[in-house]
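J.: Before I ask anything, let me first share the structure, which is written out below as C-alpha cells.
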Amino acid sequence: MSRILPAPWLSLFLLIVWLLLQNSVSVGLIVLGAILATAIPLYTFRARDFPLTIHRPGTAVVYFLVLLVDIVVSNIDIAKIILLPRKKIKPALIEYPLDLTNQVPITILACTITLTPGTVSAELSRDGNTLLIHALNVEDVDALIATIKQRYERRLKEIFQC
Amino acid sequence: MLELPTWADYLASFFIIIGASFAAVGSYGLLRLPDFMTRLHAPTKNTTLGVGGIILGSIVYFSVSDSLSLHELLIAIFLFMTAPISAHLLAKAGLHLEYKMISSTRDLREHPEDYSDKSQHTAKERDSERAD
Amino acid sequence: MLAFAVPFAFVMFSIALLMNIYRLFLGPDAADRILALDTIYINSLALLILLGIWHNSTAYFEAAVLIAMLGFIGTIAATKFLLRGDIIE
C-alpha cells in the first residue's frame with residue numbers, strides 16, 4: 001500500500017493481461033505495460049471502496065489449484081447426471097450461513113460455489129448473512145454445507161484474514 | 001493445418017476431443033433437464049470446461065507449430081471470471097420471477113417470500129408485524 | 001490425429017448449437033431463452049478458435065475475444081432487464 005502502487009496485485013494482473021494480449025515479450029512492451037499497470041490503478045483507485053489485502057499468497061495458490069481440480073470433477077459429475085438414464089434427481093434450495101463479512105471474499109465464495117460440483121449460488125440475503133444455493137442433486141444437505149465451509153470458506157478466511 | 005510431432009498431435013487432439021464432448025453434453029443437458037434452475041447447471045459448468053479444452057488444444061497447436069503462444073488463455077480467464085456472474089444473475093431472475101421447479105425440489109428457505117417479486121407486499125407486512 | 005479431432009469437434013459443436021437453438025425456440029420462459037443465447041455465444045466462440053486451428057491463423061483470436069466480451073455484456077443486460085425492467089439504474 002504505497003502512494004505509487006496502491007494495488008500491487010491489480011497492477012501485476014494488468015501487466016500479465018497486457019503481455020498476454022500482445023502475445024510477445026520485449027523490453028518496450030514491458031515498459032509500456034508497466035506504465036499502464038501503474039497508471040490505471042492510480043486513476044481508478046478512488047472508485048475502489050473495498051480495502052483488501054491478500055495476507056497469504058501461498059494459500060491463494062493452493063485455493064486456485066483446488067478450484068481447478070473441482071471444476072473438472074464437477075463437470076464429470078454433471079455429465080453423469082445428464083447422460084445416465086433418467087434417475088430421479090433431488091434438487092434443493094439451501095440457505096448457507098456465511099462466516100465471512102467482507103464483500104470481496106463473499107463474491108469469490110459465490111463464484112466458487114457456482115463453479116464447483118452440483119451447486120449454483122442464487123442470491124445473497126439482504127442482511128448479508130446467508131447465501132442461497134441451488135443444488136442439483138443432493139442427499140445430505142448438512143454434509144454439503146460442511147464441505148463448502150471446510151474446503152473453501154476456511155481457506156478464504158486464511159487468505160484475507162477477516 | 002500443419003503437421004505436428006506425434007506427441008503434440010495426440011495431446012492437442014486429446015484436449016480438443018474432451019472439450020468438444022463436454023460442450024455437447026452441456027448443451028444436451030440444457031435440452032433435457034426438467035426445469036429452469038436445473039437447466040442452469042448444465043451450460044454454465046460444462047461449456048466453460050468445453051471452451052477450456054479447446055483453448056488448451058489451441059495453445060498446444062500454436063506453441064508447437066509456431067512460437068510460444070499463450071494469448072488464448074485470456075479468453076479462458078475471462079470466461080472463468082464471467083460465467084459464475086451470469087449464472088448468478090440468471091438464478092436470481094429465476095427465483096424472483098418464481099419459475100416452476102420440479103416437484104422433487106426440497107425448499108429449505110425460511111422465508112421464501114423474501115426471494116420473490118410477486119409477494120413483496122407480504123414480506124413488508126411481516127417486517128411491520130415484527131417491528132410491532 | 002488432429003485431422004480427425006478438429007472435424008469431430010466441429011460436428012460436436014454444431015450439434016450443440018442446434019440443441020441450443022431448439023431450446024431458444026422452445027422457451028418456455030424468457031430466462032430460458034437468455035440462457036440458450038448465453039450458451040450459443042460460448043459455443044460459437046469455441047467454433048471460432050477451432051476455425052483458427054483449421055486455417056492455421058491467429059486472426060480469429062481477436063474476434064473470439066470480442067465475442068466473449070460482448071456476449072457477457074449482452075447476457076447481463078438482458079437479465080437485468082428481466083429482473084428490474086430497466087438496465088441502468
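J.: Suppose the filter is of a type in the set (S, T, N, Q) and farther than 29 Å from B:ALA12 by Cβ; does C:THR75 pass it?
T.: Spelling it out, C:THR75 is indeed of a type in the set (S, T, N, Q) and farther than 29 Å from B:ALA12 by Cβ.
J.: Is there any pair with a first residue in the range A:97-117 that is β-branched (Val, Ile, Thr) and a second that is assigned to a helix (DSSP H, G or I) and surrounded by fewer than 18 Cβ atoms within 10 Å (Cβ to Cβ) whose Cβ atoms are under 7 Å apart and which are 6 or more apart or on different chains, and what are they?
T.: A:THR116/A:ASP70
J.: Hey, A:THR130 hits all of (1) under 24 Å from A:GLY58 (Cα atoms); (2) touching a Phe, Trp or Tyr at 6+ places or on another chain (Cβ under 8 Å); (3) β-branched (Val, Ile, Thr) but one; which does it fall short on?
T.: Of (1) under 24 Å from A:GLY58 (Cα atoms); (2) touching a Phe, Trp or Tyr at 6+ places or on another chain (Cβ under 8 Å); (3) β-branched (Val, Ile, Thr), only one is false for A:THR130: (1).
J.: Please enumerate the residues belonging to the range C:1-32 that are outside any helix (DSSP H, G or I) and either more than 7 Å from every other protein chain (Cβ to nearest Cβ) or surrounded by fewer than 13 Cβ atoms within 10 Å (Cβ to Cβ) (or both). Don't jump to the end; show me each part of the working.
T.: Of all residues in the range C:1-32, those outside any helix (DSSP H, G or I) come to C:1, C:27-29.
If the condition is that a residue be outside any helix (DSSP H, G or I) and either more than 7 Å from every other protein chain (Cβ to nearest Cβ) or surrounded by fewer than 13 Cβ atoms within 10 Å (Cβ to Cβ) (or both), then C:GLY27, C:PRO28 are the ones that fit.
J.: Considering only the range B:58-78, state which residues are under 22 Å from C:ILE67 (Cα atoms) and not aromatic (Phe, Trp, Tyr).
T.: Selection gives B:SER58, B:ILE59, B:SER69, B:LEU70, B:HIS71, B:GLU72, B:LEU73, B:LEU74, B:ILE75, B:ALA76, B:ILE77.
J.: Further, regarding this structure: Of all residues in the range C:74-85, count the ones that are aliphatic (A, V, I, L, M) and facing chain B (nearest Cβ under 8 Å).
T.: We begin by selecting, within the range C:74-85, every residue aliphatic (A, V, I, L, M); these are C:76-78, C:82-83.
This time we only want the ones that are facing chain B (nearest Cβ under 8 Å), so: C:76, C:82-83.
The qualifying residues number 3.
J.: While we're on this one: If you check A:LEU29, A:LEU21, which single one turns out to be closer than 23 Å to B:LEU56 by Cα, outside the structural domain of A:GLY118 (by TED's automatic domain parsing) and in a helix (DSSP H, G or I)? Before the answer, list the steps.
T.: Numbers: A:LEU29 fails: closer than 23 Å to B:LEU56 by Cα.
So the residue among A:LEU29, A:LEU21 that is closer than 23 Å to B:LEU56 by Cα, outside the structural domain of A:GLY118 (by TED's automatic domain parsing) and in a helix (DSSP H, G or I) is A:LEU21.
Residue-wise test of (1) under 24 Å from B:VAL51 (Cα atoms); (2) of a type in the set (S, T, N, Q); (3) in contact with an Asp or Glu (Cβ under 9 Å, 6 or more places away or on another chain).
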{"site": "A:GLY58", "(1), (2), (3)": "no, no, no"}
{"site": "A:VAL69", "(1), (2), (3)": "yes, no, no"}
{"site": "A:VAL72", "(1), (2), (3)": "yes, no, no"}
{"site": "A:ILE76", "(1), (2), (3)": "yes, no, no"}
{"site": "A:ALA79", "(1), (2), (3)": "yes, no, no"}
{"site": "A:ILE89", "(1), (2), (3)": "no, no, no"}
{"site": "A:THR101", "(1), (2), (3)": "no, yes, no"}
{"site": "A:ILE106", "(1), (2), (3)": "no, no, no"}
{"site": "A:VAL141", "(1), (2), (3)": "no, no, no"}
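J.: Search the range C:37-73 for residues being of a type in the set (S, T, N, Q) and either at the interface with chain B (Cβ under 7 Å from one of its Cβ atoms) or over 25 Å from B:LEU30 (Cα atoms) (or both), and hand back the single one that is surrounded by the most Cβ atoms within 10 Å (Cβ to Cβ). Walk me through how you get there before you give the answer.
T.: At the first step, the residues of the range C:37-73 found to be of a type in the set (S, T, N, Q) are C:39, C:43-44, C:56-58.
Filter once more, so that each one left must be either at the interface with chain B (Cβ under 7 Å from one of its Cβ atoms) or over 25 Å from B:LEU30 (Cα atoms) (or both): C:39, C:43, C:56-58.
Working: C:THR39: 29, C:ASN43: 26, C:ASN56: 12, C:SER57: 11, C:THR58: 16.
Residue satisfying both the conditions and the ranking: C:THR39.
J.: Just checking, which of B:LEU68, B:LEU2, B:LEU73, B:LEU56 is surrounded by fewer than 22 Cβ atoms within 10 Å (Cβ to Cβ), outside any helix (DSSP H, G or I) and more than 7 Å from chain C (Cβ to nearest Cβ)? If you could, list the steps in order and put the result at the bottom.
T.: Details: B:LEU2 fails: more than 7 Å from chain C (Cβ to nearest Cβ); B:LEU73 fails: outside any helix (DSSP H, G or I); B:LEU56 fails: outside any helix (DSSP H, G or I).
Going through B:LEU68, B:LEU2, B:LEU73, B:LEU56 in turn, just one is surrounded by fewer than 22 Cβ atoms within 10 Å (Cβ to Cβ), outside any helix (DSSP H, G or I) and more than 7 Å from chain C (Cβ to nearest Cβ): B:LEU68.
J.: Among the candidates B:PHE22, B:PHE15, single out the residue that is surrounded by fewer than 24 Cβ atoms within 10 Å (Cβ to Cβ) and under 24 Å from the mean Cα position of the chain (by Cα).
T.: Only one candidate passes the filter, namely B:PHE15.
J.: So is A:LEU14 in contact with a helix residue (DSSP H, G or I) (Cβ under 7 Å, 6 or more places away or on another chain) and modelled with pLDDT of 80 or more or not? Walk me through how you get there before you give the answer.
T.: Values: in contact with a helix residue (DSSP H, G or I) (Cβ under 7 Å, 6 or more places away or on another chain): yes; modelled with pLDDT of 80 or more: yes.
The answer is yes for A:LEU14.
J.: Something else now. For the condition touching a strand residue (DSSP E or B) at 6+ places or on another chain (Cβ under 8 Å) and at the interface with another protein chain (Cβ under 7 Å from one of its Cβ atoms), what is the one hit in B:LEU30, B:LEU40?
T.: Numbers: B:LEU30 fails: touching a strand residue (DSSP E or B) at 6+ places or on another chain (Cβ under 8 Å).
Result: B:LEU40 is the single residue among B:LEU30, B:LEU40 that is touching a strand residue (DSSP E or B) at 6+ places or on another chain (Cβ under 8 Å) and at the interface with another protein chain (Cβ under 7 Å from one of its Cβ atoms).
J.: Further, regarding this structure: So which of A:VAL72, A:VAL61, A:VAL27, A:VAL31 ends up being out of contact with any Lys or Arg (no Cβ under 9 Å at 6 or more places or on another chain), modelled with pLDDT of 80 or more and within 9 Å of another protein chain (Cβ to nearest Cβ)?
T.: On the way: A:VAL61 fails: within 9 Å of another protein chain (Cβ to nearest Cβ); A:VAL27 fails: within 9 Å of another protein chain (Cβ to nearest Cβ); A:VAL31 fails: within 9 Å of another protein chain (Cβ to nearest Cβ).
The unique qualifying residue is A:VAL72.
J.: Which residue is farthest from the chain's Cα centre (by Cα), if the candidates are limited to the range A:102-142 and must be surrounded by 20 or more Cβ atoms within 10 Å (Cβ to Cβ), small (Gly, Ala, Ser) and under 16 Å from B:GLY94 (Cα atoms)?
T.: A:ALA135
J.: Also, quick follow-up: Condition check: at pLDDT 85 or above, facing chain B (nearest Cβ under 9 Å) and under 30 Å from B:LEU30 (Cα atoms). Does A:VAL138 satisfy that? Before you say what the answer is, go through the steps one by one.
T.: Numbers: at pLDDT 85 or above: no; facing chain B (nearest Cβ under 9 Å): yes; under 30 Å from B:LEU30 (Cα atoms): yes.
So A:VAL138 does not fit the description; no.
The values are calculated or read from the model by the stated rules, or taken from the named source; none is laboratory data. Since the model is a prediction, treat every value here as computed from it, not as a measurement. Quick reminder, even Gly has a Cβ in these numbers, built from the backbone with ideal geometry, and neighbours come from all protein chains shown.
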